[in-house]
Amino acid sequence: MHFTTLLQTLLACGLVLACALYWAGRLFPALARKGWHQTGSLLRWLHAPAAMTRYATRRAAPRSAGGCGGCSGCRGETCSTDRKAVR
C-alpha cells in the first residue's frame, strides 16, 4: 500500500516538473536555450550517445523569428507580418 502511494507521488511530481519545464521554455526561450546548451555540454562530458548530444545542441541553437507564430492574427489566410493584408 505504501509503495503505491510513493509511486503515485513520484509520478505526479515528475509530471508537474515536466509541465513547469515546458512552460518555462515557452515563456523564456533564452533560458531554455541556455538550459539546452548546458544539457549538451553535460551529455558530451558523460560521453552520451551522439544522437542525444546532437539533439541538445540543435535545440540550443538560436532560431530566426520568422513565419507564423500561431497567433491567429492571420486567421489562416496569410502569414505576412503586414497587418493591412489581414482583414
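Test of understanding: ordering 59, 54 by Cβ neighbours within 10 Å, fewest first, what list do you get? Please list the in-between numbers first.
On the way: 59 16, 54 12.
Lowest to highest Cβ neighbour count: 54, 59.
Check which residues have an amide H placed less than 5 Å from residue 48's amide H, if you skip close sequence neighbours.
The answer is none.
What net charge is computed for the residues neighbouring residue 21, neighbours being all others with C-beta under 15 Å from the C-beta of residue 21, Lys and Arg scored +1, Asp and Glu -1?
+4
Which FRET efficiency value, to the nearest 0.05, do you get for residue 57 and residue 11 by plugging their Cβ-Cβ distance into 1/(1 + (r/R0)^6) with R0 = 30 Å? List each step's numbers first, then the result.
Values: r = 30 Å, r/R0 = 1.01.
Once rounded, the FRET efficiency stands at 0.50.
Between residue 27 and residue 2, what is the FRET efficiency for a Förster distance of 35 Å, r being their Cβ-Cβ separation, to the nearest 0.05?
0.40
Could you order peptides 40-48, 6-14 by the average number of other Cβ atoms within 10 Å of their residues, highest first? Write down the numbers at each step before the final one.
Working: 40-48: 13.2, 6-14: 10.0.
Packing proxy ranking, top to bottom: 40-48, 6-14.
Around residue 43, what is the net charge, scoring Lys/Arg as +1 and Asp/Glu as -1 over all other residues with Cβ under 14 Å from its Cβ?
Surrounding charge for residue 43 is +4.
Every number here is computed from the coordinates shown, using simple stated rules; none is lab data. The shown structure was predicted, so the numbers you read here are calculated from the model rather than taken from an experiment. Ideal geometry is used to build each Cβ from the backbone, glycine not excepted, and the neighbour counts take in all protein chains shown.
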